[in-house]
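Heads up, the thing below is written out as structure tokens.
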Amino acid sequence: MKIKSSYGTLKFFRHAAMAAGIAVVFGFAWGCAKAEKEKEPEVSVQTTPAEKEDISQIVNEEAVIFPLQQATVAPKITSTIKQFLVQRASKVKKGQLLAVLENADLSAAAESSRGDFEQAEAAYTTTVASSLPQQIQKAQLDAASAQSAFEAAEKVYNSRKDLFQQGALPRRELDAAEVALVAARSQNEQAQKQLADLQRVGKEQALKSAQAQRLSAEGKYHGAAAQLSYSEIKSPIDGVVTDRPLNVGDLAMANQPLLTVMNISKLIAKGHIPQSEAAQLKVGNPAQLKVPGMDDPIEGKITLVSPALDPGSTTIEVWVEAKKPNPALRPGITVQVAMTAKTVKDAVVVPAAAVYKNPEGNGNYVLVAGTDEKAHVKPVQLGIHNGEDTQIASGINPGDPVITSGGYAVPDGTKIKVEKPEAPEKAGADKADKKDADDADDKDKKDSGDKKDVKKGGAAAKPEKEKE
């Protein structure tokens with residue numbers, strides 16, 4: 001009986017221990033679950049204070065460099081090229097002779113026209129000096145003679161009329177005298193009129209006729225001289241010869257490019273800007289030209305905003321001129337132009353990465369790190385932006401710590417842990433240290449390999465020595 005009782009007691013204690021163990025396990029699990037339930041989620045973020053500073057809205061666009069003045073020189077006549085007086089890259093002045101075309105026939109025509117002109121001019125001088133006075137003198141003599149004949153005929157008629165009335169002269173004699181008087185009067189009137197016309201109109205018309213002949217000859221001479229001048233190709237502007245596609249002996253065609261002259265003292269960048277952005281640009285606004293391969297931009301300004309829209313591209317052409325000549329700017333290259341549209345003074349500015357779109361699509365917001373170590377959503381009104389920074393027109397104050405990293409899709413009131421961004425110098429030092437460590441490891445591995453090679457060499461040489 002005693003043995004049976006001890007066995008029962010042992011069995012009881014075993015069941016009690018198992019029950020106690022199960023209770024402990026369930027209690028521990030319940031406590032861990034409760035602890036996990038009570039622990040709030042925490043998000044690591046980086047912040048930066050909202051600053052009060054000037055901000056400018058920048059319009060960026062690709063543009064092509066063009067000279068402000070450019071001339072494609074083409075001959076007006078077709079002829080063979082006789083001589084070139086310039087090469088590519090030659091600096092020229094306005095009116096400077098650049099090339100000469102074959103012009104023997106044109107020179108001969110000009111000389112012939114010159115002779116005709118001089119002959120007409122001499123005829124004009126002779127007409128004015130001699131012919132006209134002689135004609136007037138002859139008309140004066142004719143008028144005086146006709147006047148005398150008229151007066152004589154009138155006296156004869158009056159005398160015969162008196163005799164006829166006295167009955168001493170027949171009627172036939174009176175009629176003859178009357179006919180002679182009428183003829184003399186007609187001749188006198190005609191002579192007087194011719195003299196008056198010659199004095200009044202004849203001199204003017206004679207001079208006009210002689211002058212017209214002279215002018216006609218002069219015009220033909222100038223036309224031939226102009227044709228001759230077309231064989232001499234001159235520069236219309238100051239600049240540099242940038243293209244000369246033909247050589248001496250080639251046939252230069254009329255109205256086809258023979259030379260290209262560019263004035264590269266002033267260069268402009270021509271870009272085509274969308275109308276929504278071009279509406280904010282004005283002549284005189286500052287700009288920068290960024291040339292590929294150059295670290296520093298070139299300062300410039302807007303000199304033209306086209307008043308018309310390009311119907312093909314629905315854009316507006318804008319010109320930007322460099323303030324000072326720069327050898328890096330060459331006609332034809334492509335540059336990036338950054339134009340300042342407008343500037344706001346003392347604006348509240350935050351990094352563009354700190355601004356988020358409202359998921360509901362009704363505005364923008366930023367996350368501000370509160371003193372309670374939680375993120376707070378602040379709806380904001382945006383102003384201008386320049387790619388890196390954005391103006392906050394309303395919603396936050398200068399100095400408010402806005403979350404710039406780690407805030408995407410973070411709900412309002414989320415617990416946060418603000419981390420300091422890694423300093424660039426420290427990061428660079430860490431990279432340098434890591435590189436030095438890697439170099440040291442490589443050196444150790446190389447030294448170890450050399451030692452192994454030495455050992456292998458010694459081991460290989462040993463049998464030979466033993467063999468000797």
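Derivation of every value follows stated rules applied to the coordinates shown; laboratory data play no part. The model shown is predicted, which means the values in this text are computed figures rather than measured ones. When we count neighbours, we look across all protein chains shown, and the Cβ atoms used for this are built from the backbone with ideal geometry, even at glycine.
Among 322-332, 153-163, 389-399, what's the highest-first ranking by average C-beta atoms within 10 angstrom per residue? It would help to have the intermediate numbers written out before the result.
Values: 322-332: 13.0, 153-163: 15.1, 389-399: 17.0.
Top of the packing list down: 389-399, 153-163, 322-332.
How big is the stretch 163-289 along each principal axis, measuring the range of its Cα positions in Å and listing the largest first?
For the stretch 163-289, the Cα spread along each principal axis is 123, 52, 21 Å.
If each residue's Cβ is checked for other Cβ atoms within 10 Å, how do ARG172, ARG214 rank with the fewest at the top? Don't skip to the end; give the middle numbers.
Working: ARG172 9, ARG214 20.
By the 10 Å Cβ count, ascending: ARG172, ARG214.
For the stretch 355-420, which GluC sites (Glu not before Pro) pass both filters: DSSP loop (anything but H, G, I, E, B) and at most 10 other C-beta atoms within 10 Å?
Numbers: sites: GLU360, GLU373, GLU388, GLU419; in loops: GLU360, GLU373, GLU388, GLU419.
Those that pass, being in a loop and sparsely packed, are GLU360.
Treating only the Cβ atoms of Lys and Arg (+1) and Asp and Glu (-1) as charged, compute the dipole magnitude of the stretch 261-418 about its Cα centre; round to the nearest 20 debye.
Numbers: 15 positive and 15 negative charges, 79 e Å.
Roughly 380 debye, rounded to the nearest 20.
Give the whole-number value, in cubic angstrom per residue, of the convex hull volume spanned by the C-alpha atoms of the stretch 261-418. Write down the numbers at each step before the final one.
Values: hull volume 27.1 nm³, N = 158.
Taking only Cα atoms, the stretch 261-418 has a hull volume of 172 Å³ per residue.
Note the full-extension length gain between LEU141 and ASN263 as 0.36 nm times their separation in residues minus their Cα-Cα distance, in nm to one decimal. Kindly include the intermediate steps, with their values, before the conclusion.
Details: separation 122, 0.36 × 122 = 43.92 nm, distance 7.30 nm.
Result for the pair: 36.6 nm of gain on full extension.
At a 10 Å Cβ-Cβ cut-off, how would you order MET262, MET339, fewest neighbours first?
On the way: MET262 20, MET339 30.
Ascending number of Cβ neighbours within 10 Å: MET262, MET339.
With all pairs of different alpha carbon atoms counted, what Kirkwood hydrodynamic radius in Å does the stretch 76-181 show? Working shown, then result.
Details: mean 1/r = 0.0459 Å⁻¹.
When all Cα pairs of the stretch 76-181 are included, the Kirkwood radius is 21.8 Å.
Lys and Arg at +1, Asp and Glu at -1: add these up for the other residues within a Cβ distance under 10 Å of VAL337 and post the number.
On the way: positive: LYS270, LYS290; negative: GLU61, GLU62.
My count for the surroundings of VAL337 gives 0.
With the cut-off at 19 Å, tell me which of the pairs LYS345/LYS420; LYS138/LYS208; LYS282/LYS342; LYS266/LYS324 have Cα atoms farther apart than that. Walk me through the intermediate numbers first.
Values: LYS345/LYS420 29 Å; LYS138/LYS208 21 Å; LYS282/LYS342 9 Å; LYS266/LYS324 8 Å.
Flagged as over cut-off: LYS345/LYS420; LYS138/LYS208.
Hey, got the dipole for the stretch 105-229? About the Cα centre, +1 on K and R Cβ, -1 on D and E Cβ, debye to the nearest 20?
Numbers: 14 positive and 16 negative charges, 90 e Å.
Magnitude of the dipole: close to 440 debye.
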